[in-house]
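The values are calculated or read from the model by the stated rules, or taken from the named source; none is laboratory data. Quick caveat: nothing in here was measured; it's all calculated off a predicted structure. Note that each Cβ is placed from the backbone with ideal geometry, even for glycine, and that neighbours are counted across all protein chains shown. To get the accessible areas, we keep the full protein, side chains included, count just its heavy atoms, and leave off ligands, DNA and RNA. Shrake-Rupley method; radii C 1.70, N 1.55, O 1.52, S 1.80 Å.
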Amino acid sequence: AQTVTQSQPEMSVQEAETVTLSCTYDTSESDYYLFWYKQPPSRQMILVIRQEAYKQQNATENRFSVNFQKAAKSFSLKISDSQLGDAAMYFCAYRSPNTGNQFYFGTGTSLTVIP
Amino acid sequence: DAGITQSPRHKVTETGTPVTLRCHQTENHRYMYWYRQDPGHGLRLIHYSYGVKDTDKGEVSDGYSVSRSKTEDFLLTLESATSSQTSVYFCAIRVNTEAFFGQGTRLTVV
């Protein structure tokens, strides 16, 4: 099974500053999908951004962008101009096009935004 | 809104009793998943389904069973609940490339 590692259990950032959350994964597959999900205190899981492995260009969604390094199996999330509403647990996830299309999740990074 | 709902949202049950959680989708998505979320473990896959009556085990399937007799419903059953099954349970569906989640069920086994 693929493994997803988030080595930062907790992070903090000043409001309006930039923060980067790290994620690495282990796979022997060449084609796959990567995601970042946000879980605020409401518990709802919200998709933040998606990256297809065959695309070299890094995905961007407004203030959120990724740094996808396929050879290094690294997929970090950058949040620019951090807002109080960004405070949440963030999960990195991997989906294989094989093995039943399973989604594998990291253990999460809890982000605190300091006013 | 991917049209996915879980019931119940909260449940307290006694050790040794059977418990069934329901996941319902309003569209005809093929793939459905049950995860549990525990501090320090992230989300771990219990079981998943790739069609009616087609299911398979995930990494933490011991003590759980599932059924999918209709496309829209995916049931998770704890045959005899144990305290180690106290957790938050999430159902998800695959829509195109990504997963969409239900609101979660907080299950407490006392």
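So if I take the centroid of the Cα atoms in the range B:23-101 and the same for the range A:62-115, what is the distance between those two points in Å? Rounded to whole Å, the Cα centres lie 22 Å apart.
Could you report chain B's accessible area per residue, 1.4 Å probe, as an integer in Å²? List each step's numbers first, then the result.
Numbers: 5050 Å² over 110 residues.
Here the residues of chain B average 46 Å² of exposed surface.
Packing order of peptides B:89-96, A:17-24, highest average first: B:89-96, A:17-24 (average count of other Cβ atoms within 10 Å over each peptide's residues). Using a 1.4 Å probe over protein heavy atoms, the accessible area lost on pairing B with A, summed over both chains, comes to approximately 1800 Å². For the segment A:105-112, counting C-beta atoms of other chains within 10 Å of every residue's C-beta and taking the mean gives 3. Across chain A, Cα pairs under 8 Å and at least six residues apart give a relative contact order of 37 percent. Rg and Dmax over the alpha-carbon atoms of the protein assembly as shown stand at 17.6, 52 Å.
Peptide B:27-40: average number of partner chain Cβ atoms within 10 Å per residue?
Working: counts 0, 0, 0, 1, 4, 0, 4, 0, 3, 0, 7, 1, 3, 3.
Across the residues of B:27-40, the mean count of other-chain Cβ atoms within 10 Å is 2.
Of all lysines in the structure, those lying under 18 Å Cα to Cα from A:K73, and not within fewer than 8 positions of it along the same chain, are A:K55.
So, with a 1.4 angstrom probe, what is the percent of accessible area on the protein assembly as shown that is carbon and sulfur?
46
Loop-located trypsin sites (Lys or Arg not before Pro) in the range A:27-115 (DSSP state other than H, G, I, E, B) with a sparse environment of at most 12 neighbouring Cβ atoms within 10 Å: A:K55. In chain A the Cα-Cα distances spread across 5 Å bins starting at 0 as 2, 12, 24, 25, 19, 10, 5, 2, 0 percent of all pairs.
Restricting the chymotrypsin sites (Phe, Trp or Tyr not before Pro) of the range A:38-115 to loop positions (DSSP other than H, G, I, E, B) with no more than 10 neighbouring Cβ atoms within 10 Å leaves A:Y54. Here, chain B has an Rg and a Dmax of 12.9, 39 Å when only alpha carbons are counted.
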